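Below is one structure; the comments refer to it alone.
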Amino acid sequence: MSPVGTTARDADALLLELALHSRRRPLRDPDDTSQRILRAAIELFAVHGYGGTSMRDIARAVGIRPASIYAHFT
C-alpha cells in the first residue's frame, strides 16, 4: 500500500532516490544514528517494500524509539 496520492511506481522512484542519495553522501561515522536509520530503512524497504515497512520496524532495527527517528531528519 502506497501513501495517499502515491503510486507504487512513485514509491519505487523515491526509494531509488533515497538509496542513491545515501550513497552520494560523504560517509560519516557508521555509528551515527541518522546513517543507521537510513541503512536500516533501505534494507527493510528492499525486503518488505515501502508499504510493508513501518516506522516502528525501522526504529526496532536501529534500536531506538519510533518517535526518535524524527529528531534525526528535518
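The values are calculated or read from the model by the stated rules, or taken from the named source; none is laboratory data. These numbers were taken from a predicted model, which means no experiment stands behind them. All Cβ positions, even for glycine, are placed from backbone atoms using ideal geometry, and neighbour counts span all protein chains on display. SASA here: full protein model, heavy atoms, side chains in, ligands and nucleic acids out. Shrake-Rupley method; radii C 1.70, N 1.55, O 1.52, S 1.80 Å.
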If Lys and Arg each add +1 and Asp and Glu each add -1, what is the summed charge of the other residues whose beta carbon sits under 13 Å from the beta carbon of Ile58? +3
Compute the FRET efficiency between Leu18 and Ser54 as 1/(1 + (r/R0)^6), taking r as their Cβ-Cβ distance and R0 = 22 Å, and round to the nearest 0.05. 0.85
Here, His72 and Arg39, labelled 7 Å along Cα→Cβ, have an inter-label distance in nm of 1.0
Highest first, please rank the peptides 39-51, 59-71 by the mean number of other Cβ atoms sitting within 10 Å of their residues. 39-51, 59-71
How much of Ser54 can a 1.4 Å solvent probe reach, expressed as accessible area in Å² and rounded to 10? 50
